[in-house]
Amino acid sequence: MNTQSNKKEDAELLRKEAGQLLDNHRNTIREQAEEMLGKSGTDISRMSATDIEKLLFEFQVHQIELELQNEELKRTHQELGASRDDFARIYDLSPVAYLTLDAEATIQKANRAAAQLLGCTKEKLVNKRLGKFIHPSDQDNYYLFIQNLLTGKGDPILVAKLVIENSITVNWKCPGFTVIGCTRPLCPHYSHSTYVELHGTVNKNSNDDFQLYLAIQDVTEYKCSQETISCLNEKLEGKIVEQTRALVESNRNLTRKIEELEYSKRQVREREAKLNAIFNATIEGIITFDTSGIILSANAAIETIFGYREEELIGCSLNKLIAPSEKKKSGSSDLQNYLQTGVSSVIGLIREVDGLRKDGTVVPLDISLVKFSIEGISYFTSIIRDVSLRKSQEHLEKAHLEELAHVSRACLVGEMGSGIAHEVNQPLTAIANYSQACLHFIETKNTDMEHLGKILSKIYQQALKAGQIIHHVKDFVSARKVLVIETHINTLVENAVSLCISGLKHNNIKLELDLAQNLPAVTIDTVQIEQVLLNLIRNSVDALKDSTQKNREIQISTHMKKAHQIEVKVSDNGSGIDEAQKEKILNPFFTTKPTGMGMGLSISRSIIEAHEGVLSFRSKPGEGTTFYFTLPVKEKANEQQ
């Protein structure tokens, strides 16, 4: 309804303006005609009929012209009205807001877009000042814009922010929400304000009053886009600066890491060169092989040990370097079993095996094995040492030890000569007595042959006893090779004690035996271990024979020390060993006896160590001394393995 009434008002206004223009035109023509008639000075009363006819004719012509002009004016008026109606419709339906203001910037006229933009009807906008719709922050710019329009100075364009209740928020999705991480509530450019761009011009109406014509366009979205782009540029510049700084720092760190890596590479190369030098310079052979026993690498010492060059061994089986006889032993089979089952029985242990040289000769070796992995694949490295020289040296040392032990036994028998003679003399005396008794029985009549047979049997037993003593002494003293047999330690203790009984009785020494029962057998050289026992017993006898103590005692005991060791102790309650003597008592040629050589304990320790045992002692001055040694039980050790 408002639109139709506005259209009627506009049409009525156009008709009034057209009628006014027509009346003005008529008045102008009449005035011109009267002026022309006055200038001509013609008096109609004095004119002739012909002149009057001509004049009437001219009037008729003018009348026709006037009618034609009137028709033209009517047609023009109609066209002008139609154009005015079209303009009114275009003006009202234009998407661009249009306002007409007076010199005081009061709204005189507005189209539909302006009413929608400002949130009021067109009727309510009339006679309102446009400044009331401008945000306070843009008031100064607005009034300067109006002043510039009125004076014809400055820019006729203004971008301002409106203050209206029903402003529509632009649905602008800022890329900063995802690119930079901004949040909508904290965004300074996210608001409910509406931005407009005003284009103005000024004109004077028929009353010579100023009229301002404004075209207003909603640029909220464009303004938000511009501010958002500016904000994004600023933040992106900051982010680029930050990322550039981070990249510079990262580049600096990367450069430092590259330098560290280069330094590490140099160290690795130097270490590798050093290890290669050590690898090829070491006297031990080093072989690396896989889980199938295939040789992958070998150092230069392998050629010295086996006579094979590295290229001759790579790709070959490790068995190529093992002597055929060795492959039947447990050491080699343990290695093969480990390579097949992975059960550790040789890793980290040193094994003695016989190797096979290129020329077919056998070489004694010590082999140790280690396992390592590279990228999940297992490999083995074997350290191989040629022990030919050591074996030869051990053989010489054993021969020397046997010679020393033989001399020591001879000296020991010499020192025990009176006791041994006494032991031999007893069965000889018994034989003489039993022989005399036999002669006596033979001379008598009615000889009791049964009783005579018993006496002869006793003579035979005493003769055997004397022979055993002499044979025992002969075996003990004679030079011999090491003979390792399985025996019981308690038997050796009893044999050694039997050779010392006379000395114990002569010096009034009490002997106490504490021998554990059911001890396992040991594999030893019985003569050498008996020699150790005799040395220890003789030392205890020597420590007690000059003692003023009434109760002289020697105690010999045997027991299991560990699962694989038997311990033998020889203790006395003599004067003991002082601190100065403790440091030297086991050294060669050190003795506390006036006529001793100082070799007994040294040789005894060497014998025990050769049997993989330990000989030691403990002593307190005035309380006595205890010497003890251990012997391994090899059978049980093997079973445990």
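The values are calculated or read from the model by the stated rules, or taken from the named source; none is laboratory data. All figures in this text were calculated on a predicted structure; none of them were measured in a lab. Reconstructed Cβ throughout: ideal geometry from the backbone, glycine too, with neighbour counts over all protein chains shown. The accessibility values were calculated without ligands, DNA or RNA, using every heavy atom of the protein model including side chains. Shrake-Rupley method; radii C 1.70, N 1.55, O 1.52, S 1.80 Å.
Only one of these is under 18 Å from Arg605 (Cβ atoms) and among the acidic types (Asp, Glu): Asp546, Asp525. Name it.
Every option except Asp525 fails the conditions.
Here is a list: Gln69, Gln108. Which entry is open to solvent by less than 100 Å² (accessible area, probe 1.4 Å), touching a residue at least 60 places away in the same chain (Cβ under 8 Å) and of a type in the set (S, T, N, Q)? Selected residue: Gln108, the only one of Gln69, Gln108 that is open to solvent by less than 100 Å² (accessible area, probe 1.4 Å), touching a residue at least 60 places away in the same chain (Cβ under 8 Å) and of a type in the set (S, T, N, Q).
Can you name the residue in segment 119-142 that is open to solvent by 30 Å² or more (accessible area, probe 1.4 Å) and within 18 Å of Tyr213 (Cβ to Cβ) and is also modelled with the lowest pLDDT among such residues? Applying the filter and picking the extreme gives Lys122.
Within segment 273-293, which residues are in contact (Cβ under 8 Å) with a residue 24 or more places away in the chain and touching a strand residue (DSSP E or B) at 6+ places or on another chain (Cβ under 7 Å)? Listed by number, the residues that qualify are Glu284, Gly285, Ile286, Ile287, Thr288, Phe289, Asp290, Thr291, Gly293.
With respect to the conditions (1) assigned to a helix (DSSP H, G or I); (2) modelled with pLDDT under 75; (3) surrounded by 16 or more Cβ atoms within 10 Å (Cβ to Cβ), Leu601 falls short on a single one, namely (2).
Could you please let me know if Thr361 is open to solvent by 50 Å² or more (accessible area, probe 1.4 Å), modelled with pLDDT under 70 and over 30 Å from Ser604 (Cα atoms)? It is false that Thr361 is open to solvent by 50 Å² or more (accessible area, probe 1.4 Å), modelled with pLDDT under 70 and over 30 Å from Ser604 (Cα atoms). Among the residues of this structure, Gln116 does not count as one that is over 16 Å from Ile164 (Cβ atoms), open to solvent by 70 Å² or more (accessible area, probe 1.4 Å), in a helix (DSSP H, G or I) and without any contact (Cβ under 8 Å) to a residue 60 or more places away in the chain.
Counting the residues of segment 283-305 that are open to solvent by 40 Å² or more (accessible area, probe 1.4 Å) and within 33 Å of the chain's Cα centre (by Cα) gives 4.
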